[in-house]
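Below is one structure, written out as structure tokens; the observations come after it.
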Amino acid sequence: MRNTQAGDENGAVRFSVSMEPELLERLDELAGTSRTRSKVVRDLLRAHLARTELSSGHNPAVGVLTYVYDHDQPDLARRLMDVQHDRHAEVVAATHVHLDRHECLEVLILRGTADRIQRLAEQLLGLRGVRQGRLVLTPARCPLARTHHSARRNGKALGREVEGQGSKCKSQNGRRRKEAE
């Protein structure tokens, strides 16, 4: 490669980038006073790669879905809960907050493939009485992010063994435990 220098003690490789002065000014604006140009470029590249990875829909992902809903909407709380129970393989955790007498906030932590998480979010956000919401997806490479411990196939719980820090671990009751060797 041209214009590159060997990696430093952290493995980072230094290279040159040419750009128009106007674009460089915008890069400096993004950096502000707290980040370097290198940090901004790394963050932008990571964000682009994450979007690309998620765009196929079939890659493992984790997500956070937040939404505010009208507590007074007839039967809405039950419908929200039914959807979460129907999709228990993707719903890892849920937090419910009473904002005031009429509005509630829920935050769901989700895992699965990006397309399944997206469909779940659309299903919940599309219910009448859900005022607003947002899904944030992140690619996940950890094997535990792929399938919830209580996911079922043919009526049997799926056990996912994972190599972790040199010991075998198995997901059980939402916790990781060391198996006897």
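The values are calculated or read from the model by the stated rules, or taken from the named source; none is laboratory data. Predicted, not measured: the structure shown is a model, and the values here were computed from it. Quick reminder, even Gly has a Cβ in these numbers, built from the backbone with ideal geometry, and neighbours come from all protein chains shown.
Details
- Those residues of region 4-27 which are at pLDDT 90 or above and outside any loop (DSSP other than H, G, I, E, B), in sequence order: P21, E22, L23, L24, E25, R26, L27
- Extreme residue, surrounded by the fewest Cβ atoms within 10 Å (Cβ to Cβ), among residues of region 105-131 that are at pLDDT 95 or above and small (G, A, S): G126
- Subset of region 84-104 that is among the aliphatic types (A, V, I, L, M) and exposed (fewer than 14 other Cβ atoms within 10 Å of the Cβ) - its residue that is farthest from L137 (Cα to Cα): L99
- Residue in region 32-40 that is in contact (Cβ under 8 Å) with a residue 12 or more places away in the chain and of a type in the set (A, V, I, L, M) present: yes
- In region 52-69 there is at least one residue that is of a type in the set (A, V, I, L, M), surrounded by 11 or more Cβ atoms within 10 Å (Cβ to Cβ), outside any loop (DSSP other than H, G, I, E, B) and modelled with pLDDT under 90.
- Region 70-105, subset small (G, A, S) and outside any strand (DSSP E or B), residue farthest from L120 (Cα to Cα): A77
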